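Visitor: What follows is a structure written as structure tokens; I'll ask about it next.
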Amino acid sequence: MAGSVKTEAIVLRSIRYGEGDRVLHLYTPHRGRVGAIAKGARKARSRFGGRLEPFFRLRLLLHEGRSDLLTVTSAETVEAFGRLRADGGALDAAARAAHAVDRLFEAGDPNPPVFHLLANELALLDARPELAGHANQLAFRLKLLVAAGLGPQLSSCAECGEGDHLGGYSPAAGGVVCGACEASAFPLGEEAYAFLVDAMGRPLADSPVASPRALRQAERAIAETAEHHAHARWRAAAA
């Protein structure tokens, strides 16, 4: 049904279309991921200026018609996150965060905590670009899994409930497993396990540190959980 939609949104992707338009992948708090077209956005006198680029947080007025794509009729900047664009590491981390959201969530699947998690990650990268490392990216992805209802089971064996001897991780089971249940698991060291537990419980601004080996193990657990349960394949986090 045709009508107007007012919403905040974060631009996940911005794609050139036709001679002067842009197609946007947006994440909104109450509609989830949506697609929209901004007509004339690439023309020199466009009323949108440069605010339809990736990672802008916007206040939008959209027209909903018969097309799968909504039409952007007005856009106001809430946050531009300009400082992260001046730092290569922060810009790359922002792109990987937006990609993870784009891949994990289907269109029309609203999840307000995901919107706020992504907004918080962009704000953190803007304020403290030096945090844009491997640990921060994995902590964000882990929290994204939790918001999607796919957070790993870490307190006891995901297969049998055993609380001790948790030396492996099973993506299929969705968490750590004990020695008796580790047939389909890969080894998860104590440091990697501690990183997952701490990253799940701490704010993004206080992401734990760990050795490169532990972070690789943690990344495998996070990535394979997303792939097994949501069929989402993510780019590797930047070390």
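The values are calculated or read from the model by the stated rules, or taken from the named source; none is laboratory data. All values reported here derive from a predicted model rather than from experimental measurement. Please note: Cβ atoms are built from the backbone with ideal geometry, for glycine as well, and neighbour counts cover all protein chains shown.
Visitor: When residues of the stretch 18-41 are filtered for being in contact with a Gly (Cβ under 9 Å, 6 or more places away or on another chain), within 17 Å of P110 (Cα to Cα) and not in a strand (DSSP E or B), how many remain?
Guide: Of the residues in that region, 1 qualify.
Visitor: Another question about this same structure. Which of the residues that make up the stretch 53-86 are in a loop (DSSP other than H, G, I, E, B), surrounded by 13 or more Cβ atoms within 10 Å (Cβ to Cβ) and more than 19 Å from the chain's Cα centre (by Cα)?
Guide: L69, R83
Visitor: On to the next question. Mind checking which residues of the stretch 202-239 are in a loop (DSSP other than H, G, I, E, B) and of a type in the set (D, E, K, R)?
Guide: Once the filter is applied, which keeps residues that are in a loop (DSSP other than H, G, I, E, B) and of a type in the set (D, E, K, R), the stretch 202-239 yields R202, R233, R235.
Visitor: Separate question: Taking G201, is it more than 23 Å from L91 (Cβ to Cβ) and either surrounded by 15 or more Cβ atoms within 10 Å (Cβ to Cβ) or over 18 Å from the mean Cα position of the chain (by Cα) (or both)?
Guide: no
Visitor: Would you be able to tell me the number of residues in the stretch 10-23 that are touching a Leu at 6+ places or on another chain (Cβ under 6 Å) and farther than 15 Å from A80 by Cα?
Guide: 1
Visitor: Also, quick follow-up: Only one of (1) closer than 19 Å to L145 by Cα; (2) among the aliphatic types (A, V, I, L, M); (3) more than 17 Å from the chain's Cα centre (by Cα) is not met by A210, so which one is it?
Guide: Only one criterion in (1) closer than 19 Å to L145 by Cα; (2) among the aliphatic types (A, V, I, L, M); (3) more than 17 Å from the chain's Cα centre (by Cα) is unmet by A210, namely (1).
Visitor: Something else about it: Which condition number in (1) over 24 Å from P113 (Cα atoms); (2) buried (at least 16 other Cβ atoms within 10 Å of the Cβ) is the one that G175 fails?
Guide: (1)
Visitor: Which of the following residues is in contact (Cβ under 8 Å) with a residue 24 or more places away in the chain, in contact with a strand residue (DSSP E or B) (Cβ under 9 Å, 6 or more places away or on another chain) and not charged (D, E, K, R): V146, V114?
Guide: V114
Visitor: Further, regarding this structure: Which residue is nearest to A148 (Cα to Cα), if the candidates are limited to the stretch 19-47 and must be small (G, A, S) and modelled with pLDDT under 85?
Guide: Filtering first and then ranking leaves A41.
Visitor: Quick test of your reading of the structure: P110 fulfils all but one of (1) modelled with pLDDT of 95 or more; (2) out of contact with any helix residue (DSSP H, G or I) (no Cβ under 6 Å at 6 or more places or on another chain); (3) of a type outside the set (D, E, K, R); (4) surrounded by fewer than 18 Cβ atoms within 10 Å (Cβ to Cβ). Name the failing condition by number.
Guide: All conditions are met except number (1).
Visitor: For F195, all conditions in the list (1) closer than 20 Å to A236 by Cβ; (2) of a type in the set (A, V, I, L, M, F, W, C); (3) surrounded by fewer than 20 Cβ atoms within 10 Å (Cβ to Cβ) hold save one; what is the number of the exception?
Guide: It is condition (3) that F195 fails.
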